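The values are calculated or read from the model by the stated rules, or taken from the named source; none is laboratory data. For clarity, every value in this text was computed on a predicted model and none was experimentally measured. Here Cβ is always computed from backbone atoms with ideal geometry, including for glycine, and neighbour counts include all displayed protein chains. Ligands, DNA and RNA are excluded from the accessible area calculation, which covers all protein heavy atoms including side chains. Shrake-Rupley method; radii C 1.70, N 1.55, O 1.52, S 1.80 Å.
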Amino acid sequence: MNNCRKKGLELLAPGGSVAGVKAAFQAGADAVYMGGSRFSARAYAESASETDSLEQALDYAHLHGKKLYLTLNTLLKQQELEQELYCYVAPLYERGVDAVLVQDLGVLSFLRQEFPDLPLHASTQMTVTSASAAVMLKNMGIARVVAARELNLKELARIYRETGMELEAFVHGAICYCYSGQCLYSGVIGGRSGNRGRCAQPCRLPCSAFDTSGKQLNKKSDSYLLSLKDMCTLEALPDMAEAGVMSFKIEGRMKSPLYTAGVVSIYRKYLDRYLEHGRTDWKVEQKDLYALSQYFDRGGFTAHYLTGHNGREMMALKEKAKLRRPDPELMKETEKKYLGQELKEKISGTVTICTGEYANMSLECGPVQVCAESREAAEPAVKRPLTEADVRKQFSKTGGTPFHLDDLKVILSEDAFMPVQAMNELRRDALEKLETALIGRYHRKVPERPEAGKTSDTADRVPGRLSGSSENAAAGPAEVLPEKQADRRPAVAVQIADLRYLQPVLDNRHVDCVYLDSAGVQIDLLGQIAACCHEKGKKLFLTAPRIWREPAIREWNEQYELLLHSSIDGMTAGSLDVLQELIRRGWPLPVVIDHTLYSWNREAKKQINLLPGVEKLDILRLTAPLELNEKELADRGCDDSELMIYGYLPMMVTAGCIRRTTGCCSHSKEPVILRDRKGISFTADCCCKYCYNIIYNSLPCYLLDKKEEIARLNPAAIRLSFTVETEKQVKAVLADLDRFMDSRCGGAEKAGQPAFPVTRGHFTRGVL
């Protein structure tokens, strides 16, 4: 066992294939994370698609005293949760998988019910950006949190200080431009969802940036505006360890075993150096930084998130031009040292051969001891008795086994004889027995299920608390009767990015509630705005910040009392961070759960309702996911949720600022227009108040002419979202809303075709 494990630090490597797992351990990793072709955030990783491959990797890890974590960090549709998840996890649980990484709250709930002693880790896809979310996850039984890659050292230290949880952080490899778990870009443009492990990486493609007047902001040579350099924190390892990071995670399940071995070996070297000598003479050698750049180069490295927030120096603006052929000698040396090699565990043993008795061989590896006995008794020697040298020669051979016999004690009677074949059989039996024992100590018995062959229905047995949810909200696709459809008028909520949309929304007779984005308003103005809404018979909800980091936390701490007494009617919450803060503060007003707190399946819906402390809140309703199609929404159930039927879908929420990257940051909140290589334009809204960008789709999602389809889904509310629209677009959409609502209530006029180009989003196609 190396010093890092003794000190509680772990070097965690990617395992895209069994070969990659072996390379990682050969190079010094303590653990690997690995997934299959199902339910993994790298669904296209090489050849770990079958259960037997994962089991093989598990056995290899456990044989050598290492760990393997299963990546199950994607969002699951209802059918997958019901029919596939248990059969996928059960054999791996039985085989001894050390932990499972999860994103989906429904998956988390399912695993806790079916496999209660299985350690669970919160994936970086959960977008944990503060101690608030970590506290909630700890209260849910999560053993470890994988922090968002965008966090700095102070934020990492605060999470550890306030929770004491195991903290895992990425130290090397590719960085998503978007906060992980908040990206719909790949799904929107091509149907391959990043939340499903099928990201097509559109952010790695060239684009140009323009201001609203049409002036280009970037140089033509700097065309990779959304492509971040790879992370390299080698020089900051002591800072990360002292901030509370215990697991140092290398990205790269899609990369080769050669890459894995090379990067792991270098990080192993420096973790060991730090643990042996601390900061004394701490210095990273240039030859090692050079080697890392040769294993993969995207135009240089960055560790800036650890000390900053964004900036041009973090971007691989000239990515394609910087790619080069790696150093062939270095690659050959790495391959020779780490690839094709097998780890050998040092073992000790005793061989006893006495005349007239069955010979035996006992072996010991760490705490594991085994003993094998010969099939026949040793005989008196007719010619030449065995010598100790003879015995050592035969029993020291370990060949292709994963063992090296480091110490062998021989007990031999003077006249004993045993054929070579018999000695070889005894040795093989003992080594096989030891291997089985080492692996078998990790095996578990799969718990009996309440009803064999069915997924747990615990969620269905727990009464719902969501306002407006029906008794059978979790029972499956509802058969809604026509009269029920006609009787139930969905509430109408309109989300607005800022105050320029307020008046036309207030003038609409069908709107019940306005959701005002907190990024677009000052807290001290809320009282006046609420009065205007109430005068028109509308409610006002405040939309909480999408990303809960220092600017939002500071505003919350300084102005909470002002917010509480502002006469607003409620709040929308789209993250565990915000929800935990509302619980901690004893928030007295209704809460709408936004679509970024994902509930792709009925189990996730129920889990949100059962989050620790959430019973103290008045949860009004959930928001249906944006990536499910009509059938999948029906499978999930929408009668306790609101459904977005109009709006530009937010493709990315980013710490990166396009204006700052192009040298044009003015803190003026003026949007940027991104134009991709096909000439399609996307608006990037600069939320300077909280220092993040939101990149919206090129066309709005429009479902106002889908009266029958929406009626079948029977949502508790419908939502329209105005973010980057012109005044003309807003008026046209609100007029279509009138026709939509009037036709639902028996009016003759139906909403016609929209007056401008639109998309159906995922309503008809869904995502892979």
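A few points about this structure:
- Checked against the criterion of being surrounded by fewer than 17 Cβ atoms within 10 Å (Cβ to Cβ) and small (Gly, Ala, Ser), the candidates ALA372, ALA416, ALA389, ALA378 yield just one match: ALA389.
- With a requirement of 3 or more residues that are surrounded by fewer than 24 Cβ atoms within 10 Å (Cβ to Cβ) and among the basic types (Lys, Arg), the helices (runs of 4 or more DSSP H) lying completely within the range 85-199 that satisfy it span 153-163.
- Of residues in the range 616-649 being in contact with a Ser or Thr (Cβ under 8 Å, 6 or more places away or on another chain) and open to solvent by 10 Å² or more (accessible area, probe 1.4 Å), the one farthest from VAL767 (Cα to Cα): ASP618
- Residue in the range 445-454 that is of a type in the set (Gly, Ala, Ser), open to solvent by 50 Å² or more (accessible area, probe 1.4 Å) and modelled with pLDDT under 90 present: yes
- Failed item in (1) more than 23 Å from THR436 (Cα to Cα); (2) touching a helix residue (DSSP H, G or I) at 6+ places or on another chain (Cβ under 8 Å); (3) of a type outside the set (Asp, Glu), with LYS397 passing the rest: (1)
- Looking across TYR290, TYR270, TYR305, TYR259, one residue alone is exposed (fewer than 15 other Cβ atoms within 10 Å of the Cβ), among the aromatic types (Phe, Trp, Tyr) and assigned to a helix (DSSP H, G or I). It is TYR290.
- Selected residue (only one of GLY197, GLY173, GLY252 is at pLDDT below 95 and in contact with a Pro (Cβ under 9 Å, 6 or more places away or on another chain)): GLY252
- For the range 414-434, a residue qualifies if it is assigned to a helix (DSSP H, G or I) and over 42 Å from the mean Cα position of the chain (by Cα), and the qualifying residues are VAL420, GLN421, ALA422, MET423, ASN424, GLU425, LEU426, ARG427, ARG428, ASP429, ALA430.
- Matching residues, the range 670-703, being small (Gly, Ala, Ser) and open to solvent by 30 Å² or more (accessible area, probe 1.4 Å): GLY679, SER681, SER698
- Scanning the range 166-174 finds one or more residues that are touching a residue at least 12 places away in the same chain (Cβ under 8 Å) and on the phi > 0 side of the Ramachandran plot.
- Residues satisfying the stated conditions in the range 215-241, i.e. open to solvent by 50 Å² or more (accessible area, probe 1.4 Å) and either touching a residue at least 40 places away in the same chain (Cβ under 8 Å) or in a strand (DSSP E or B) (or both): GLN216, SER221, GLU235, ASP239
- Test result for THR280, at pLDDT below 95, more than 27 Å from GLY340 (Cα to Cα) and polar (S, T, N, Q): yes
- Subset of the range 605-635 that is in contact with a strand residue (DSSP E or B) (Cβ under 7 Å, 6 or more places away or on another chain) and of a type in the set (D, E, K, R) - its residue that is farthest from TYR515 (Cα to Cα): LYS605
- For the range 496-547, filtered to residues that are acidic (Asp, Glu) and not in a loop (DSSP other than H, G, I, E, B), the residue that is most open to solvent (accessible area, probe 1.4 Å) is GLU535.
- Residue list for the range 392-413, restricted to those being surrounded by 18 or more Cβ atoms within 10 Å (Cβ to Cβ) and under 43 Å from the mean Cα position of the chain (by Cα): THR401, PRO402, PHE403, LEU405
- The range 712-735: number of residues that are open to solvent by 10 Å² or more (accessible area, probe 1.4 Å), closer than 25 Å to ALA634 by Cβ and outside any loop (DSSP other than H, G, I, E, B): 2
- Among the numbered conditions (1) in contact (Cβ under 8 Å) with a residue 60 or more places away in the chain; (2) not in a helix (DSSP H, G or I), the only one that VAL264 does not meet is (2).
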